Amino acid sequence: DGNPEVESINVAQNGVGYDDVPGLSRMLATCPNLRTLDLIQNELSKLVEQHAWWHRLCEAFGNNRTLTDLNFNQNRLGMTGVRMAANALQSLKSLKRLGFSYNEPSVEPALAELLRKHPALESVELVEALDRHLPTRAKDEIGRALLDNPAGQLGFLACDMFELTPTTDRLTWPKE
């Protein structure tokens with residue numbers, strides 16, 4: 001019933017789909033030492049189209065207590081998928097690093113709310129494609145959320161305009 005040896009799972013570019021949701025949900029509940037899950041580029045947007053599937057997976061993330069590093073990059077979740085994931089991730093108190101780039105969140109308020117409330121997030125990646133940059137309003141809300149977060153743990157952020165990492169010694173803000 002448990003997989004205590006499993007600490008990291010990489011299913012990047014694996015075409016994760018409907019058939020995988022029960023297994024992923026169970027894995028999130030039965031791997032007590034799971035710290036890292038990489039779901040890069042799986043077109044999870046297909047699950048979002050059928051809300052029940054994405055909801056079930058998001059619920060499993062929200063119920064997990066061990067994940068510290070979660071990467072959803074390049075899944076084109078859209079506003080609805082981002083809202084569902086961000087709301088669920090508020091319950092994942094162990095989460096420290098979140099990859100959320102190339103998911104087209106637009107101005108979804110749940111994303112800023114996640115950054116405002118999450119007590120442990122240290123690093124977030126929010127880069128979008130050039131033609132789909134985060135709208136100014138979204139960046140403003142994200143900035144305000146970071147300032148409002150009472151835990152103050154988030155110190156590293158990659159977004160459309162800049163990247164603040166442990167080795168950053170200067171920020172260059174492009175004219176465009």
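The values are calculated or read from the model by the stated rules, or taken from the named source; none is laboratory data. Treat the numbers as computed from the prediction; the structure is a model and nothing was measured. When we count neighbours, we look across all protein chains shown, and the Cβ atoms used for this are built from the backbone with ideal geometry, even at glycine. Each accessible area value is taken on the protein alone, full model and side chains, heavy atoms only, with ligands, DNA and RNA left out. Shrake-Rupley method; radii C 1.70, N 1.55, O 1.52, S 1.80 Å.
Brief remarks on what is shown
- Complete set of residues in the range 23-33 that are out of contact with any Lys or Arg (no Cβ under 8 Å at 6 or more places or on another chain) and within 17 Å of Val48 (Cβ to Cβ): Leu24
- In the range 87-129, residue modelled with the lowest pLDDT [restricted to those that are among the hydroxyl-bearing types (Ser, Thr, Tyr) and more than 14 Å from Phe61 (Cβ to Cβ)]: Ser106
- In the range 52-65, the residues that are of a type outside the set (A, V, I, L, M) and open to solvent by 30 Å² or more (accessible area, probe 1.4 Å): Trp53, His55, Arg56, Glu59, Asn63, Arg65
- Output for the range 31-58, where each listed residue is within 18 Å of Ser91 (Cβ to Cβ), out of contact with any strand residue (DSSP E or B) (no Cβ under 9 Å at 6 or more places or on another chain) and not aliphatic (A, V, I, L, M): Pro32, Trp54, His55, Arg56, Cys58
- Here the condition is being under 17 Å from Gln41 (Cα atoms) and part of a helix (DSSP H, G or I); of Ala85, Ala112, it holds for Ala85 alone.
- Residue match in the range 71-78 (condition: buried (at least 23 other Cβ atoms within 10 Å of the Cβ) and touching a strand residue (DSSP E or B) at 6+ places or on another chain (Cβ under 8 Å)): yes
A quick yes/no check of all residues on (1) farther than 21 Å from Glu7 by Cβ; (2) without any contact (Cβ under 8 Å) to a residue 40 or more places away in the chain; (3) small (Gly, Ala, Ser):
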residue: Thr30; (1), (2), (3): no, yes, no
residue: Leu34; (1), (2), (3): no, yes, no
residue: Leu37; (1), (2), (3): no, yes, no
residue: Val48; (1), (2), (3): yes, yes, no
residue: Gln74; (1), (2), (3): yes, yes, no
residue: Ala86; (1), (2), (3): yes, yes, yes
residue: Ser101; (1), (2), (3): yes, no, yes
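- The range 1-45, residues that are in a loop (DSSP other than H, G, I, E, B), of a type in the set (Val, Ile, Thr) and closer than 17 Å to Cys58 by Cα: Val11, Val16, Ile40
- Members of the range 16-48 that are surrounded by fewer than 16 Cβ atoms within 10 Å (Cβ to Cβ) and touching a Phe, Trp or Tyr at 6+ places or on another chain (Cβ under 8 Å): Tyr18
Here is a yes/no grid of residues against (1) free of Cβ contacts under 8 Å to residues at least 40 places away in the same chain; (2) touching a helix residue (DSSP H, G or I) at 6+ places or on another chain (Cβ under 6 Å); (3) buried (at least 19 other Cβ atoms within 10 Å of the Cβ):
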{"site": "Leu98", "(1), (2), (3)": "yes, no, yes"}
{"site": "Ser106", "(1), (2), (3)": "yes, yes, no"}
{"site": "Leu121", "(1), (2), (3)": "yes, no, yes"}
{"site": "Asp131", "(1), (2), (3)": "yes, no, no"}
{"site": "Phe162", "(1), (2), (3)": "yes, no, no"}
{"site": "Asp169", "(1), (2), (3)": "yes, no, no"}
